[in-house]
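The values are calculated or read from the model by the stated rules, or taken from the named source; none is laboratory data. A quick note: this is a predicted structure, and the numbers were derived from the prediction, not measured. Reconstructed Cβ throughout: ideal geometry from the backbone, glycine too, with neighbour counts over all protein chains shown. All accessible areas refer to the heavy atoms of the entire protein, side chains included, with ligands and DNA or RNA removed. Shrake-Rupley method; radii C 1.70, N 1.55, O 1.52, S 1.80 Å.
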Amino acid sequence: MARTQAPDYESRRGQIVELAAQLFAERGFLGASISQIADACGMSKSAIYHYYPSKEDILYDVMHSHVEMLNVAAREALSRPAKPDQRLRDMTQKFMAAYTGAAARHKVLLNDLAHLPRARRAKIVALQRNLIVMVEGVLQDISPTLKSNSALRRASVMIYFGMINWTHIWFDPNGALNALEFAELAADIALSGLKSGRRRN
């Protein structure tokens with residue numbers, strides 16, 4: 001007879017992922033043990049293995065939950081009719097809202113992707129590419145010259161992500177600028193550059 005899942009099964013998995021993300025961010029994937037994750041969760045090692053067969057499974061869920069959250073944010077921003085400029089602003093605001101409170105998961109994604117098995121790593125990379133494609137589409141709508149210049153298009157996308165992807169290192173949502181204000185500033189800078197007319201042939 002199959003074992004019945006406890007009513008709080010998914011919430012406990014979520015707790016494990018959240019606390020493991022903090023440990024992975026602080027100590028690296030190799031530096032954090034299942035025992036340490038169990039201690040952080042107030043659980044036994046055997047209880048952790050009830051929810052996750054391996055540490056790699058936890059790492060995958062840390063990354064997948066974060067990148068999927070960003071994909072959802074991007075799709076939501078693109079789902080409503082709006083001019084390209086506004087869609088970029090909406091997307092940037094949603095990205096920053098997603099990053100706020102998820103600094104540990106984002107740091108793990110940036111630092112520990114290589115520790116996933118190849119097949120699972122490919123799934124995370126595919127989700128990241130989805131994000132790139134969605135941003136590329138918006139930037140091309142803003143600056144149509146990007147459609148015929150793949151090198152400039154990719155550079156523009158990477159510059160855009162470069163403004164927001166490393167905010168986990170320095171950005172304080174309780175500081176002088178909140179996440180919404182920073183998103184507006186980042187969008188202003190991106191739009192100014194895209195519309196400056198300084199294009200490579």
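Assorted remarks:
- Theoretical gain in end-to-end length, R121 to Q36 [0.36 nm per residue, Cα-Cα removed]: 28.2 nm
- Of all aspartates and glutamates in the structure, the ones whose alpha carbon falls short of 12 Å from that of K83, not counting any fewer than 8 places away in one chain, are D141.
- Relative packing of peptides 139-149, 122-132 - highest average C-beta neighbours within 10 Å first: 139-149, 122-132
- Expressed as a whole percent, the proportion of Cα-Cα pairs in region 105-171 lying more than 15 Å apart is 61%.
- For region 141-149, Karplus couplings with θ = phi - 60° (6.51, -1.76, 1.60), whole Hz, Gly/Pro x: 5, 6, 10, x, 5, 5, 4, 9, 10
- 11 Å cut-off, amide nitrogen to a point 7 angstrom out along E68 Cα→Cβ, residues in region 150-178: none
- Heavy atoms of K45: accessible area, 1.4 Å probe, square angstrom to 10: 90 Å²
- Among M96, A155, G175 the positive-end extreme of the charge dipole of the chain (Cβ point charges): A155
- Measuring nothing but how far apart in sequence close Cα pairs (under 8 Å, 6+ apart) lie, relative to its length, region 1-144 scores a relative contact order of 28 percent.
- The fraction of all Cα pairs in the chain landing in successive 10 Å bins from 0 to the largest distance is 8, 30, 30, 20, 9, 3, 0, given as whole percents.
- Potential extension, R27-T100 segment - 0.36 nm per residue separation minus Cα distance: 24.2 nm
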